[in-house]
Amino acid sequence: MNRRRVLLLALLGACMPLTAQAYVDPGTGMLLWQGVIAAIGALLVFVRNPVAALKRLIDRIRRK
């Protein structure tokens, strides 16, 4: 890395606080889990349907 990038990274690092003054309530963890479960469910629905359609198409082609 050149000197400019090193200097920029050092300046950015010096400007960041060491601790975060933030509050995360207990419901946030459940919200994250709900999002993960919803994403997995969406993947299952949107991946399984096209795969099943392709299998049906291949079976129809093989029968002819």
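What angle, in degrees between 0 and 90 and rounded to the nearest 10, separates the Cα long axis of helix 3-15 from the longest principal axis of the Cα atoms of the chain? For helix 3-15, the angle is close to 80 degrees.
Note on Val51 and Ala22: their simple-model spin labels are 3.5 nm apart, each label 7 Å out from Cα toward Cβ. A full extension of the chain between Leu44 and Leu12 corresponds to an added length of 7.4 nm, given 0.36 nm per residue minus the alpha carbon distance. The dipole here belongs to the range 22-64: it is taken about the Cα centre, uses +1 on the Cβ of Lys and Arg and -1 on the Cβ of Asp and Glu, and is about 780 debye.
Computed from Cα atoms, the angle from the helix 26-63 axis to the main principal axis of the chain rounds to 30 degrees. Highest GNM mean-square fluctuation, the chain, Cα pairs closer than 10 Å: which of Ala38, Ala52, Ala14? It is Ala14. According to the Cα-based calculation, Rg over Rh for the range 22-64 is 1.45, with Rh computed by the Kirkwood formula.
Could you check which residue among Leu54, Leu32, Leu11 shows the biggest mean-square fluctuation in a GNM of the chain with a 10 Å Cα cutoff? Highest fluctuation of the listed residues: Leu11. Largest GNM mean-square fluctuation among Pro50, Pro26, Pro17, using the chain with Cα springs under 10 Å: Pro17.
Computed from the coordinates by the stated procedures, all read-outs in this text should not be read as laboratory data. Remember, it's a predicted structure, so these values are computed and weren't measured experimentally. Methodologically, a virtual Cβ is constructed for each residue, glycine included, from the backbone with ideal geometry; neighbour enumeration extends over all protein chains shown.
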